[in-house]
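Asker: Okay, here's the structure, questions in a sec.
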Amino acid sequence: MKKLTSSNRSHKLIEYANGPSLEEINGKIEVPKNIGFWKTLFAYSGPGALVAVGYMDPGNWSTSITGGQNFQYMLMSVILISSLIAMLLQYMAAKLGIVSQMDLAQAIRARTSKSLGIVLWILTEFAIMATDIAEVIGAAIALYLLFGIPLIIAVFITVFDVLILLLLTKIGFRKIEAIVVCLIMVILFVFVYQVALSGPNWGQVFAGLIPTTATISSSKTVAGMTPLSGSLGIIGATVMPHNLYLHSAISQTRKINHHDEDDVARTVKFASLDSNIQLTAAFFVNALLLIMGVAVFKTGAVKDPSFFGLYNALSNTSTLSNGLLIGVAKSGVLSALFAVALLASGQNSTITGTLTGQVIMEGFVHMRMPLWLRRLVTRLLSVIPVLICVMLTSGKSAIAEHEALNDLMNNSQVFLAFALPFSMLPLLMMTDSAAEMGNRFKNSWIIKGLGWLSVVGLTVLNLIGLPAQVVGFFGDNPSAAQTDLANSIAIILIIAIMALLTWTTVELYRGNRRYAAKLAAKAGEAA
């Protein structure tokens, strides 16, 4: 199999690219025929793991644990619904890549103008950098907690994860998939172990999976959080826009005979199974995080939901809920495992974030650069706000520093809320279209209905939550004037989102009509 490296023909750092998505690995992995169900599933397994990483990155951790602390198991249903929506969207993303032989960025660009493509590229780059900020913070804090490395130095060390990426590019994409799966298993093991020790009330856990109107209530407030804001936080941290671009690209790594519809259908089937299995693992990780908030810690014991606070709470016997946990906590195992899982999560996201950045750059603006350079640029940009935050709070108390980093991570997620509709809506429009997908592979009426319900629902929820996210930029106790200003900014952003969505929808609709007419003309000539 060809290695994940730049083309040998390339002598420039930045070059024009308008070929297959992630050309170096596109269609390079052979899948034997007639080898049985389980061996075939194994051959297709891997891309789903890279996608699932985005659903269990450091940005998810504090929202799930804090949600459990404040509302017990009430928000379990939100995690379940978010995971099911993720499965639906990732299925459509994989199908788009496999059937159309274009990733989502390429498909959007092929049906829209250059100017819109540039706007959507910049928007998606901001969303990727927002997730990268969470990864920088998570990795730097993990290094500090595990090895005592000062935060500023730890932040700089995260830049050198580009060396890890350089190493990975030498070993081949299949092995990268295996490494990601192993890191996911590390994260899953850590939280299974900690929850198993806590002995949660499983009856209440399963009861929490049933959604009720209480999960979207804004009347009950605990520690400054309502069930609605907690739900929005979990949804916002779970469904990531860049994952849709990534999956539509890496689903094309398997070699497919596109002249054989049955081979295409088989690839869609096993790619979907791979995705659903890995996203089920992501659901368990997020559910375990919420269960930790309820069962591992005493109710209300975690005053600091930052990574520092959670680490300290896992080594503080006064915050833990039972004797077995207290006994293990005295050895430092619980807190150390938490930091190891945090580091594993950050390294996983290093791989997927870089690949996604390359996908959207090639797809939207037809530019390509080496993966190591791409990683170095985006990581350096993401490090800047983290360094500023650390330096501004260096003379203050440790708690002030921790809160500032946590606020930066949470506030950066506003870009995800902004960018999400612009990946979901085009994905749904493309996969609903017979012109794009063919009659066999276009969305069934059930998928279409669930898709529109999910897209409209998530868009509305993100827009509802936008004012609170903007208010978060003014700190924990904003003044009335700051709140009014934040609401005004949120209204302007919502209007901008709706205008840009309208522009995107109109251009996609017209582009699809032109493509359908072109296909009809070709069919007429052939007849």
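Asker: Once amide H atoms are placed 1.01 Å from N in the peptide plane, what residues at a sequence separation of 5 or more from Leu320, or on another chain, have their amide H within under 5 Å of its amide H?
Answerer: Excluding prolines and chain starts, which carry no amide H, the hits are Lys298.
Asker: Now for a different question. In Å², what does the accessible area per residue of the chain work out to with a 1.4 Å probe? Before the final figure, lay out the partial values.
Answerer: Numbers: 21440 Å² over 527 residues.
Ligands and nucleic acids excluded, the figure is 41 Å² per residue.
Asker: Quick check on my link table: of Lys33/Lys175; Lys28/Lys114; Lys39/Lys255; Lys95/Lys269, which ones sit more than 19 Å apart, alpha carbon to alpha carbon?
Answerer: Details: Lys33/Lys175 21 Å; Lys28/Lys114 30 Å; Lys39/Lys255 16 Å; Lys95/Lys269 9 Å.
Checking Cα-Cα distances, Lys33/Lys175; Lys28/Lys114 exceed 19 Å.
Asker: Read through the labelled values (i) -0.42; (ii) -0.27; (iii) -0.35 and report the label of the one computed as log10 I(q)/I(0) by the Debye sum over Cα atoms at q = 0.06 Å⁻¹ from the structure.
Answerer: Computed from these coordinates, log10 I(q)/I(0) by the Debye sum over Cα atoms at q = 0.06 Å⁻¹ corresponds to label (ii).
Asker: Sorted by average packing, counted as other Cβ atoms within 10 angstrom per residue and highest first, what order do 132-138, 257-263 take? Walk me through the numbers on the way to the answer.
Answerer: Details: 132-138: 27.1, 257-263: 11.3.
Peptide ranking by packing, descending: 132-138, 257-263.
Asker: Right, something else. Taking amide H positions as placed 1.01 Å from N in the peptide plane, with prolines and chain starts having none, which residues 5 or more places from Glu23, or on another chain, fall under 5 Å of its amide H?
Answerer: Amide H neighbours of Glu23: none.
Asker: Round to a whole number: what % of the accessible area of the chain belongs to carbon and sulfur, probe 1.4 Å? Kindly include the intermediate steps, with their values, before the conclusion.
Answerer: On the way: 14440 of 21440 Å².
Solvent-exposed carbon and sulfur of the chain make up 67 percent of the total.
Asker: Another one. Can you give me the long-range amide H partners of Met367? Hydrogens built in the peptide plane at 1.01 Å from N, cutoff under 5 Å, separation of 5 or more residues or another chain.
Answerer: Amide H neighbours of Met367, under 5 Å, 5+ apart: Ala17, Glu362.
Asker: Just reorder Met424, Met225 by solvent-accessible area, largest first, 1.4 Å probe, all chains present.
Answerer: Met225, Met424
Asker: Next question. How would you order 308-316, 377-385 from highest to lowest mean count of nearby Cβ atoms within 10 Å?
Answerer: On the way: 308-316: 21.1, 377-385: 16.8.
So the peptides 308-316, 377-385, ranked by packing, come out 308-316, 377-385.
Asker: Another question, if that's okay. Which ³J(HN,Hα) values in Hz, rounded to whole numbers, follow from the phi angles of the range 103-110 under the Karplus curve 6.51 cos²θ - 1.76 cosθ + 1.60, where θ = phi - 60° and Gly and Pro get x?
Answerer: Working through the residues one at a time gives 7, 4, 5, 5, 5, 5, 5, 5 Hz.
Asker: Please list 3J(HN,Hα) in residue order for the range 459-467, calculated via the Karplus relation 6.51 cos²θ - 1.76 cosθ + 1.60 where θ = phi - 60°; whole Hz, with x for glycine and proline.
Answerer: 3J(HN,Hα) across the range 459-467, in whole Hz: 5, 4, 5, 5, 5, 5, x, 4, x.
Asker: Still on this model: Take the alpha carbon atoms of the range 383-527, find their radius of gyration, then divide it by 2.2 N^0.38 Å using N residues; give the quotient.
Answerer: Dividing the Cα radius of gyration by 2.2 N^0.38 Å gives 1.51.
Asker: Would you mind calculating the gained length between Val222 and Val456 on full extension (0.36 nm times residue separation, minus the Cα-Cα distance), in nm to one decimal?
Answerer: So the chain would gain 81.4 nm between Val222 and Val456.
Asker: Please identify the GluC sites (Glu not before Pro) of the range 377-444 that satisfy two criteria: DSSP loop assignment and at most 14 other Cβ atoms within 10 Å. Which are they?
Answerer: Values: sites: Glu401, Glu403, Glu436; in loops: none.
Qualifying residues, ordered by number: none.
Asker: Quickly rank 516-523, 361-368, 326-333 as a protection proxy: mean count of other C-beta atoms within 10 Å, highest first. Present the calculation step by step, with values, prior to reporting the outcome.
Answerer: Values: 516-523: 11.1, 361-368: 21.5, 326-333: 14.1.
Peptide ranking by packing, descending: 361-368, 326-333, 516-523.
Asker: Here is a follow-up. Tabulate in residue order the Karplus-calculated ³J(HN,Hα) for the range 308-317, using 6.51 cos²θ - 1.76 cosθ + 1.60 with θ = phi - 60°, rounded to whole Hz; enter x for Gly and Pro.
Answerer: Residue by residue, the range 308-317 yields 4, x, 5, 4, 5, 5, 6, 10, 9, 4 Hz.
Asker: List the GluC sites (Glu not before Pro) within the range 19-105 that DSSP assigns to loop and that have no more than 12 neighbouring Cβ atoms inside 10 Å. The partial results should precede the final answer.
Answerer: Working: sites: Glu23, Glu24, Glu30; in loops: Glu23, Glu24, Glu30.
Of the GluC sites (Glu not before Pro), the ones in loops of the range 19-105 whose Cβ has at most 12 other Cβ atoms within 10 Å are Glu30.
Asker: Let me ask another. Between the range 188-262 and the range 468-523, what is the C-alpha centre distance in whole Å?
Answerer: Between the Cα centre of the range 188-262 and that of the range 468-523, the gap is 24 Å.
Asker: Something else about it: With r defined as the distance between the Cβ atoms of Ser444 and Val159 and R0 fixed at 41 Å, what FRET efficiency is calculated, to the nearest 0.05?
Answerer: For Ser444 and Val159, the calculated efficiency is 0.35.
Asker: About the Cα centre of the chain, what is the dipole size in debye to 20, counting +1 per Lys and Arg Cβ and -1 per Asp and Glu Cβ, all else neutral? Provide the component values of the computation, followed by the final result.
Answerer: Values: 35 positive and 27 negative charges, 235 e Å.
Taking the Cα centre of the chain as origin, the dipole is about 1120 debye.
The values are calculated or read from the model by the stated rules, or taken from the named source; none is laboratory data. As the structure is a prediction and not an experimental result, all values here were calculated from the model. Cβ sites come from the backbone with ideal geometry, for glycine too, and all protein chains shown count toward neighbours. Only protein heavy atoms, including side chains, enter the accessible area calculation; ligands, DNA and RNA are left aside. Shrake-Rupley method; radii C 1.70, N 1.55, O 1.52, S 1.80 Å.
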